[in-house]
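K.L.:
Below is one structure. I have some questions about it.
The values are calculated or read from the model by the stated rules, or taken from the named source; none is laboratory data. This structure is a prediction, so every number in the text was calculated from the model and none was measured. Cβ placement follows ideal geometry from the backbone for every residue including glycine, while neighbour counts extend to all protein chains displayed. Accessible surface is based on the protein model in full, side chains and every heavy atom, while ligands, DNA and RNA are left aside. Shrake-Rupley method; radii C 1.70, N 1.55, O 1.52, S 1.80 Å.
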Amino acid sequence: VYRAEQRSLGRTVALKVLAPELARDPEFVALFLREARAAAALAHPHIVKVYEAGSAGATHFFSMELVRGGTVEELLARRGALPAPEALRIAREACEGLAYAEGKKLVHRDIKPGNLLLEPGGAVKICDLGIAGRIDIEEEESFRGGGSPHYIAPEQALGRPVDSRADIYSLGVSLYTMLAGHTPFTGASSREIARKHVAEPAPPLAQTRG
């Protein structure tokens, strides 16, 4: 993601460029551009606005609203567990954005603190909503359903079709993380963590908060 200037309108934007290794997959490129254009039709105060999607040669991109307050993930790295009222406000605003997206038949598939942006005043903006996500892990294989292992819904970890319930689950794990200061599961590999979402209950928050 780059900070860029849209010369035609004289505004600063965030420009997301599809990685070259993914750009070699024509089906993924088609999905990326189709869903980016669908996301551009969304208009909600808690969703980052996508302005444009397109291609220039072998480069595929979309431009979006630049949110200047960082991510919830960065906030947690600085402060640790958040007070309950603050965590609940962030989750509530994200819920409002997801409910709107569900009404537009879009599923995020990768809700996590790193995809919850914050305005300088604290308002939440979901980024990459409707954009096809793939797991970012250094292993020989990736999860068929995409997503991030620490926040992945069980059906997504199993490679099954997902709907808005997967986003609700991932947001619930994000809220747990905000309240506990850490994710519910750890493991030696991404797959081990994902399997725990399928097979194990999360440790009670009362235990994690002492």
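K.L.:
Which residue out of PRO20, PRO45 is of a type outside the set (A, V, I, L, M, F, W, C), open to solvent by 50 Å² or more (accessible area, probe 1.4 Å) and in contact with a Gly (Cβ under 9 Å, 6 or more places away or on another chain)?
P.N.:
Going through PRO20, PRO45 in turn, just one is of a type outside the set (A, V, I, L, M, F, W, C), open to solvent by 50 Å² or more (accessible area, probe 1.4 Å) and in contact with a Gly (Cβ under 9 Å, 6 or more places away or on another chain): PRO45.
K.L.:
Would you check which residues across the range 9-35 are out of contact with any His (no Cβ under 9 Å at 6 or more places or on another chain) and either β-branched (Val, Ile, Thr) or in contact (Cβ under 8 Å) with a residue 24 or more places away in the chain (or both) and list them?
P.N.:
Scanning the range 9-35 gives THR12, VAL13, ALA14, LEU15, LYS16, PRO20, PHE28, LEU31, GLU35.
K.L.:
Applying the selection to the range 80-121, what residues are over 23 Å from GLU155 (Cα atoms) and outside any helix (DSSP H, G or I)?
P.N.:
Across the range 80-121, the qualifying residues are GLY80, ALA81, LEU82, PRO83, LEU117, LEU118, GLU119, PRO120, GLY121.
K.L.:
Sticking with this structure for a sec: Across the range 183-210, what is the total count of residues that are without any contact (Cβ under 8 Å) to a residue 40 or more places away in the chain, among the charged types (D, E, K, R) and either closer than 12 Å to ALA87 by Cβ or open to solvent by 70 Å² or more (accessible area, probe 1.4 Å) (or both)?
P.N.:
Of the residues in the range 183-210, 2 are without any contact (Cβ under 8 Å) to a residue 40 or more places away in the chain, among the charged types (D, E, K, R) and either closer than 12 Å to ALA87 by Cβ or open to solvent by 70 Å² or more (accessible area, probe 1.4 Å) (or both).
K.L.:
Looking at the range 183-204, which of its residues are assigned to a loop (DSSP other than H, G, I, E, B) and β-branched (Val, Ile, Thr)?
P.N.:
Matches in the range 183-204: THR183, THR186.
K.L.:
Hey, another quick one. Can you pull out the residues in the range 99-126 that are open to solvent by 20 Å² or more (accessible area, probe 1.4 Å) and more than 15 Å from SER174 (Cβ to Cβ)?
P.N.:
Passing the criteria: ALA99, TYR100, GLU102, GLY103, LYS104, LYS105, LEU106, VAL107, GLU119, PRO120, GLY121, ALA123.
K.L.:
When only residues in the range 149-182 that are touching a Pro at 6+ places or on another chain (Cβ under 9 Å) and part of a loop (DSSP other than H, G, I, E, B) count, which is least open to solvent (accessible area, probe 1.4 Å)?
P.N.:
Checking each candidate, the answer is TYR151.
Conditions (1) open to solvent by less than 70 Å² (accessible area, probe 1.4 Å); (2) over 16 Å from the mean Cα position of the chain (by Cα), marked per residue:
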{"site": "THR12", "(1), (2)": "yes, yes"}
{"site": "GLU27", "(1), (2)": "no, yes"}
{"site": "GLU35", "(1), (2)": "yes, no"}
{"site": "ALA58", "(1), (2)": "no, yes"}
{"site": "VAL72", "(1), (2)": "yes, no"}
{"site": "ARG78", "(1), (2)": "no, yes"}
{"site": "ALA84", "(1), (2)": "yes, yes"}
{"site": "ALA87", "(1), (2)": "yes, yes"}
{"site": "GLY97", "(1), (2)": "yes, no"}
